[in-house]
Every structure is written in structure tokens, then in C-alpha cells.
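Student: Here it is, the structure, as C-alpha cells.
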Amino acid sequence: MTASPARAAGLPRTVVTGYAAGSLVTGAFGTVPGLLLLPYLTDTLGVAAGVAALLVLLPKGWDVLVNPVAGRISDRTRSRWGARRPYVLVGGLALAVLFAAIFAGPAGTGAGAGGWVALTFLAAATAFAFFQVPYVAMPAELTDDYAERTRLMTWRIAVLAVAILISGAVAPLVVTGGGGGLPGHRWMGLFVAALIVVGVLGTFLGTANAPTGAIQQSEPSLRAQLAVAAGNRPFRALLICFVIQAAGIATVLAGVTYFARHVLRDPETGPTLLFACFVAPALLVMPVWSRLGGRLGKPRAFTVASALFAVGALGLVAAPALPAVAVYLLVALIGCGYAGQQVFGLAMLPDCIAYDTRRTGRRQAGVFTGLWTAGETFGLALGPGIYGLVLQVSGYVPSITGGAAQPDSARLGVLLGFTVLPALLVGGALLLMRNYREQV
């Protein structure tokens, strides 16, 4: 890509906020299925926990194949709207329709309803790939400035935190307000679909005048592109770490409803309160993380944030014996760590892409972000899958009312899957970052 004077200067605020609006899409689709889809299958459709785990995991596992293809296609696209924005618009609007369809199946409950969820979730995951990959590729092409990329990611993660708060906290309330069960989930699907549309249009319109350059010719084949990405050692270390951590974060999301119901004994307001405590502090500490990153460097600040997440999750093991206020404070600590993880992980990704451009002379942001989003999406799907298997092994009893009595072993599985498992995944993944060297 050929740099232009506009790319060297600071990005216009309209571009920064317009780009950040896309986090409404990634936040909603990254949060709500992980939060509500597994309990929807087990406690509304009556699907066994092990089967539900596979229904959640397999459609998003498909993205491991689709995302790199979406990146390669967008790298080669030439249009009056640019290489990325057509996919942001079309993929995002298709995602909104398909998301609503997940919870609007015609088959009622049972195996047929589970099959409908699997098929529509697969289609939604495919549409999301063609939105997310071009969207995540955009920062590396909006600016060449190291600090400006951090600013762009800080805004994006701030909006992401708002999106998680709105979608994650309000979606369960919409289910309850809509009458619960099948009707409540249908209303929730429409609510999240509307949120996705707002984010899609905000990004498409807000980046209409974004400074860009001409994309250089990419590698001639997908295999060659993947080989280039595999040869980027900083990217490889960061990607593997982020995928494992995404699985840990997703186990927390998947366990919120179960944790609120079977540990806190508060199925009505518990999920919303947990989400508020998870996200609201993240908004407050975002400027702190930005300053800490400037002082320590992104890799070290990323390590601090990950350790904070792991410590908070381990502390929740004692939740059955703790007062409610202590539980919510620990969840807030996890949220603070999560905010830092996202800021620095996503800020290091464009650095890795820029490093590869210097190394090879070619800018292939779509390839790297295709692999990145494929890995992140797989990690976010793997978390609920693992959590569902934990429930199955521990003897969780499915139902169509959500009120089935659970054995002590199932309640223990709910607790450990929400605390120890994510702490091990997030904290243990830091060992992989020993191979990462900061790219400026």
C-alpha cells in the first residue's frame, strides 16, 4: 500500500468513531450466542448438554475455513467503496437477518428445533466472517502510525464494552420481558438484530471518507498467503495466545446464566447484574490501560491484564461462601482484566501486520485478519462447547422450563467451569507470549 499524507496525519474523529461503531456488531454476535445459546438449547429446547455443546461449537468451527477465504477475497476486491466496506455492509446486514432467524425456528422444541438452530447459526457465522474479517483488516490500512493504531483500538474496545453491556445485560431482560421461553427468545433475536444493523450502518457510513492507499498485489494463492502468515513469528505467538484466551473468556460468557441460577440463586436479575459488573468497570479503566500501555509497552500491559483476569476468576471459586457484593466485585476485577486484554491484543495485531509489510514489501491485512478472526471465533465457540461438556459430564439435567432440579455434581460443574477453567486458559496462555517481540 502506498502511504498518503492523510494516512500520516491523525485520523479524523468521524472515521475513528465510525470505525468503532462496528464493535456493536462484533460485541453483539460475540456475546449473545455465547451467553444465551447454550442455555436456550438445554433449558428451553430440552437438548442434552453434550449435544448442545456440539451444536454451538461446530457451526463456528466452520469459520476456521471461511475466515481466511473471506480475507483473501477482500484483499483482491476493487470497488468504488474500497476493498473492505462492501463486505462490511452486505455481510453485516445478512448477519442481522440470520441472527433473528436462529431464535425463530418453526419446529418448537426437541431435536428438530436443535437442528434449525445449528443450520441458521452456521449461516450466521458465515455472514459474520464476511463482515468481521474486512472490518478487522481496516486499521492496518487506515494509518501507518503506531500510536494512532492504539488510539483506534482504544475507541473500538470502548464501544465494544458498551456493546457487550447493552447486548449481554439487556438481552436476558428482553427474554424475560417477552414472556420467557420461545416467545421471549424471538423478541431477543429481533432486538439484537436491530443492534447489529445500527453498527453496520455506522461503520459503513462513518468510514466513507477514510484515508486509504492502494492495496498491493497479494500472494498468488491462499496456500502461499498462509505460509507468509505462518512465517510471522510475532503474529503466530499472539494468535495462539489470543485463541486460547478467547476460549477462556467464552466459558465465562457461557456460564453466566447457569452461575446466576445455580450458584447465586438469582435467575431473573443475576445475569444482568453480572454483566453490568463485568463491563461497566471496563469502560472506566480504558484510559488507565492506554496510559499503562504507553509506559510498559503493549506486551507487558497485555500480561498484566491477563493476570488480573485469571486472579479474579480463581477468586470466584469461593462464591458459594461469599456475600453477593464480594462476588460482583470479583466479576468487576475480571472485567477490568478483559478490557486490557482486548485493547492490547487488538493493538498488537496491526503491529504484526506492519512488521510483515516491512519484511515482505506487501500489505496483506486480509490474510492475517482472516486467520485472526477465524482463531478468535473458534476460541469463542470452543468455550461454550467445553462448558457444555463439563455440564454433561457433571450430570446436568436439561428441561424445557429451566426449572429442573440439579444434582450436587452438576452445581459443582457449573461453578468450576465458570471459575477455574477460564483462569487456567487465560493465565496459562501467557506462556506462549514469551516468543513475542514488540513491533514498532
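The values are calculated or read from the model by the stated rules, or taken from the named source; none is laboratory data. Quick caveat: nothing in here was measured; it's all calculated off a predicted structure. Positions of Cβ are generated from backbone atoms using ideal geometry, with glycine treated the same way; all protein chains shown enter the neighbour counts.
Student: Kindly establish whether Pro407 is in contact with a Phe, Trp or Tyr (Cβ under 9 Å, 6 or more places away or on another chain) and modelled with pLDDT of 80 or more.
Tutor: Working: in contact with a Phe, Trp or Tyr (Cβ under 9 Å, 6 or more places away or on another chain): yes; modelled with pLDDT of 80 or more: yes.
Spelling it out, Pro407 is indeed in contact with a Phe, Trp or Tyr (Cβ under 9 Å, 6 or more places away or on another chain) and modelled with pLDDT of 80 or more.
Student: Scan (1) surrounded by fewer than 16 Cβ atoms within 10 Å (Cβ to Cβ); (2) at pLDDT 95 or above for the single condition Val393 breaks and write down its number.
Tutor: (2)
Student: Still on this structure, please answer the following. Within the set of pairs 6 or more residues apart or between chains, which connect a residue that is over 19 Å from Ala137 (Cβ atoms) and touching a residue at least 40 places away in the same chain (Cβ under 8 Å) inside the range 11-40 to a residue that is of a type in the set (S, T, N, Q) and crowded, with 22+ Cβ neighbours inside 10 Å with Cβ atoms less than 6 Å apart?
Tutor: Cβ pairs passing all conditions: Ala28/Ser167; Thr31/Ser167; Val32/Ser167; Pro39/Thr257.
Student: Something else now. Looking only at the range 30-44, decide whether some residue is of a type in the set (A, V, I, L, M) and surrounded by fewer than 20 Cβ atoms within 10 Å (Cβ to Cβ). Working first, answer last.
Tutor: Of all residues in the range 30-44, those of a type in the set (A, V, I, L, M) come to 32, 35-38, 41.
Going one step further and asking which of them are surrounded by fewer than 20 Cβ atoms within 10 Å (Cβ to Cβ), we end up with none.
No, because not a single residue in the range 30-44 is of a type in the set (A, V, I, L, M) and surrounded by fewer than 20 Cβ atoms within 10 Å (Cβ to Cβ).
Student: Next question, about the same structure. Looking at (1) in contact with a Ser or Thr (Cβ under 8 Å, 6 or more places away or on another chain); (2) surrounded by fewer than 24 Cβ atoms within 10 Å (Cβ to Cβ), which one does Leu253 not meet, given that it meets all the others?
Tutor: Among (1) in contact with a Ser or Thr (Cβ under 8 Å, 6 or more places away or on another chain); (2) surrounded by fewer than 24 Cβ atoms within 10 Å (Cβ to Cβ), Leu253 violates only (2).
Student: Run Thr377 past the list (1) outside any loop (DSSP other than H, G, I, E, B); (2) out of contact with any Asp or Glu (no Cβ under 7 Å at 6 or more places or on another chain); (3) not aliphatic (A, V, I, L, M) and report the number of the one that doesn't hold.
Tutor: Answer for Thr377: the failing condition is (2).
Student: Mind counting the residues in the range 364-389 that are farther than 14 Å from Ala247 by Cα and modelled with pLDDT of 85 or more?
Tutor: Within the range 364-389, residues that are farther than 14 Å from Ala247 by Cα and modelled with pLDDT of 85 or more number 0.
Student: Can I ask one more? For residues that are small (Gly, Ala, Ser) and surrounded by fewer than 21 Cβ atoms within 10 Å (Cβ to Cβ), tally how many sit in the range 271-282. Spell out the reasoning first.
Tutor: The first filter runs over the range 271-282 and keeps only residues small (Gly, Ala, Ser), leaving 276, 280, 282.
Next, from what is left, pick out any that are surrounded by fewer than 21 Cβ atoms within 10 Å (Cβ to Cβ): 276, 280.
Residues flagged as small (Gly, Ala, Ser) and surrounded by fewer than 21 Cβ atoms within 10 Å (Cβ to Cβ) within the range 271-282 amount to 2.
Student: Then there is this: Going through the range 229-257 one residue at a time, which ones are among the aliphatic types (A, V, I, L, M) and over 17 Å from Thr373 (Cβ atoms)? Spell out how you get there, then give the answer.
Tutor: Within the range 229-257, the first condition is being among the aliphatic types (A, V, I, L, M), and the residues that meet it are 229-230, 237-240, 243-244, 246-247, 249-250, 252-254, 256.
Residues satisfying the conditions are Ala237, Val252, Leu253, Ala254, Val256.
Student: Something else: Under 8 Å between Cβ atoms, which residue pairs at least 6 apart in sequence (or on different chains) link something in the range 46-58 that is in contact (Cβ under 8 Å) with a residue 60 or more places away in the chain with a partner that is part of a helix (DSSP H, G or I) and of a type in the set (Val, Ile, Thr)?
Tutor: Ala48/Thr42; Ala49/Thr42; Ala52/Thr42; Ala53/Ile386; Leu55/Val117
Student: Here's something else I'd like to know. Does Leu430 satisfy the condition of being within 26 Å of the chain's Cα centre (by Cα), closer than 20 Å to Cys277 by Cα and either in a helix (DSSP H, G or I) or not charged (D, E, K, R) (or both)?
Tutor: Numbers: within 26 Å of the chain's Cα centre (by Cα): yes; closer than 20 Å to Cys277 by Cα: no; either in a helix (DSSP H, G or I) or not charged (D, E, K, R) (or both): yes.
When the stated conditions are applied, Leu430 does not pass them.
Student: What residue, among those in the range 87-126 that are in a loop (DSSP other than H, G, I, E, B) and aliphatic (A, V, I, L, M), is farthest from Leu195 (Cα to Cα)? Step through it out loud before you land on a result.
Tutor: Let us first name the residues in the range 87-126 that are in a loop (DSSP other than H, G, I, E, B), namely 103-110.
From the residues that got through so far, the ones that are aliphatic (A, V, I, L, M) too are 104, 107.
Numbers: Ala104: 17, Ala107: 26 Å.
It comes out as Ala107.
Student: Let me confirm something: among Leu346, Leu421, which residue is part of a helix (DSSP H, G or I), modelled with pLDDT under 80, buried (at least 17 other Cβ atoms within 10 Å of the Cβ) and of a type in the set (A, V, I, L, M)?
Tutor: Values: Leu421 fails: modelled with pLDDT under 80.
Exactly one residue qualifies, and that residue is Leu346.
Student: Shifting gears a bit: When only residues in the range 98-116 that are of a type outside the set (Gly, Ala, Ser) and touching a Phe, Trp or Tyr at 6+ places or on another chain (Cβ under 8 Å) count, which is surrounded by the fewest Cβ atoms within 10 Å (Cβ to Cβ)? I'd like the intermediate steps shown before the answer.
Tutor: From the range 98-116, those of a type outside the set (Gly, Ala, Ser) are 98-99, 102-103, 106, 109, 116; that's our starting set.
So of that shortlist, the ones also touching a Phe, Trp or Tyr at 6+ places or on another chain (Cβ under 8 Å) come out as 99, 102-103, 106.
On the way: Phe99: 28, Ile102: 26, Phe103: 26, Pro106: 7.
Applying the filter and picking the extreme gives Pro106.
Student: So is Ala129 hydrophobic (A, V, I, L, M, F, W, C), modelled with pLDDT of 75 or more, within 24 Å of Val32 (Cβ to Cβ) and part of a helix (DSSP H, G or I) or not? Even if it seems obvious, please write down each step before you answer.
Tutor: Working: hydrophobic (A, V, I, L, M, F, W, C): yes; modelled with pLDDT of 75 or more: yes; within 24 Å of Val32 (Cβ to Cβ): yes; part of a helix (DSSP H, G or I): yes.
Judged against the criteria, Ala129 is a match.
Student: Then there is this: Tally time: how many residues in the range 9-43 are under 21 Å from Val192 (Cβ atoms) and among the polar types (S, T, N, Q)?
Tutor: 4
Student: Name every residue in the range 391-414 that is over 15 Å from His262 (Cα atoms), among the β-branched types (Val, Ile, Thr) and part of a helix (DSSP H, G or I), in order of residue number.
Tutor: Residues of the range 391-414 that are over 15 Å from His262 (Cα atoms), as a first pass: 392-393, 400.
Checking the rest, the ones that are also among the β-branched types (Val, Ile, Thr) come to 393, 400.
Answer for the range 391-414, where residues must be over 15 Å from His262 (Cα atoms), among the β-branched types (Val, Ile, Thr) and part of a helix (DSSP H, G or I): just Val393.
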